[in-house]
Amino acid sequence: MSTDPTSERIDQLLSAFAAGGPVARERAEELVRLVTDLHGDGLRRVLELVDEQQLLTDELLERFAADELVSGLLLVHDLHPHDLPTRVERALQQVRPYLASHGGDVELVEIVGDDAVRLRLLGNCQGCASSAATLELAVQAAVEAAAPEIESIECDDGSADDGALISAESLLQRARSGERASGVVWQELDLAGVEPGQVRAVSVAGVPVVVCRVAANSYAYRDECARCAGDLGAGQLRADAGVLVCPHCRAGYDVRSAGTGVDHPERLEPLPLLEQDGAIEVAVPAAVHA
């Protein structure tokens, strides 16, 4: 989800060719396509040779699918070992811990054709104010990364007869810009050394964020107490109850329940967090990033 420097540089070079006129840009784009096709043919042949030696085991294919770089290359060349439904379902598995912090879940209803997905929010997420943001930021990001061929995501949250349609940008376009069409910025965080029961204040695209670790799960919120507007980085996290206490006004918030206030109506602003293979990424919505 982070910006790919190579893809970004390719985009910069193509833009530079555009200064030479449409013919120069067309030739540059054709060159990129030819090189990409050549690499695809080579990658396909490598897999064939490995398979001929009976070395293309299920375990090896799983390692290919789990590796972000290799998986991305296999997707580009239509060589990924997992079909579309499997990739989408695995993507949803990544965001379920975040949805669980809102007291909800998500399920795959159906895949329409080869480019549309219908999802359903379950539990307390149904109809809640954060449902749209939860879907657009966390679920959309995971599904798009796992299945770049998906062009639309439709969500049924139980509050309307028809789901809300969300357009999905291509994976390459997101990699070039580092920012989704919705204006969301994802950033990988270095949270080494953060143990269960600890809090870490970080910055995501210039926005103060506080990350809390409860048991095996991490939760991210905007670093601002909803009651006194003070920062929360020095707050106490009661790990057994999952409650973050503001160091200034002593207001408590349940970080496992979307930052709901404890004995008061205020609540923290939750931010989407994805955790996979030890890497943690947090997203800042456009409304926050602006």
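The values are calculated or read from the model by the stated rules, or taken from the named source; none is laboratory data. Bear in mind the structure is a predicted one, so any value in this text is a computation, not a measurement. Here Cβ is always computed from backbone atoms with ideal geometry, including for glycine, and neighbour counts include all displayed protein chains.
For segment 57-68, filtered to residues that are surrounded by fewer than 16 Cβ atoms within 10 Å (Cβ to Cβ) and modelled with pLDDT of 90 or more, the residue that is farthest from the chain's Cα centre (by Cα) is Thr57. If we keep just the residues of segment 252-277 that are assigned to a strand (DSSP E or B) and under 20 Å from the mean Cα position of the chain (by Cα), which is surrounded by the fewest Cβ atoms within 10 Å (Cβ to Cβ)? The residue in question is Gln276. Among the residues of segment 236-251, those identified as part of a loop (DSSP other than H, G, I, E, B) and modelled with pLDDT of 95 or more are Cys246, Pro247, His248, Cys249, Arg250, Ala251. Checked against (1) modelled with pLDDT under 90; (2) more than 15 Å from the chain's Cα centre (by Cα); (3) crowded, with 23+ Cβ neighbours inside 10 Å, Tyr221 passes all but a single condition, namely (1). When only residues in segment 93-135 that are farther than 21 Å from Tyr219 by Cβ and among the aliphatic types (A, V, I, L, M) count, which is modelled with the lowest pLDDT? Within segment 93-135, the match that is modelled with the lowest pLDDT is Leu119.
Cβ-Cβ contacts under 7 Å between residues 6 or more apart (or on different chains), taken from a first residue in segment 10-39 that is among the aromatic types (Phe, Trp, Tyr) to a second residue that is part of a helix (DSSP H, G or I), are listed as Phe17/Ala24; Phe17/Arg25; Phe17/Ala28.
Just one of (1) under 25 Å from Asp115 (Cβ atoms); (2) surrounded by fewer than 16 Cβ atoms within 10 Å (Cβ to Cβ); (3) in contact with a helix residue (DSSP H, G or I) (Cβ under 7 Å, 6 or more places away or on another chain) fails for Ser71. It is (2).
Restricting segment 203-218 to residues that are over 14 Å from Glu188 (Cα atoms) and outside any strand (DSSP E or B), the residue that is nearest to the chain's Cα centre (by Cα) is Ala216. Number of residues in segment 70-113 that are aliphatic (A, V, I, L, M) and in a loop (DSSP other than H, G, I, E, B) equals 1.
Okay, residues lined up against (1) without any contact (Cβ under 8 Å) to a residue 24 or more places away in the chain; (2) more than 21 Å from Pro196 (Cα to Cα); (3) in contact with a Phe, Trp or Tyr (Cβ under 8 Å, 6 or more places away or on another chain):
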position: Val207; (1), (2), (3): no, yes, no
position: Cys212; (1), (2), (3): no, no, yes
position: Gly242; (1), (2), (3): no, no, no
position: Ala258; (1), (2), (3): no, no, no
position: Leu268; (1), (2), (3): no, no, yes
position: Leu273; (1), (2), (3): no, no, yes
position: Ile280; (1), (2), (3): no, no, no
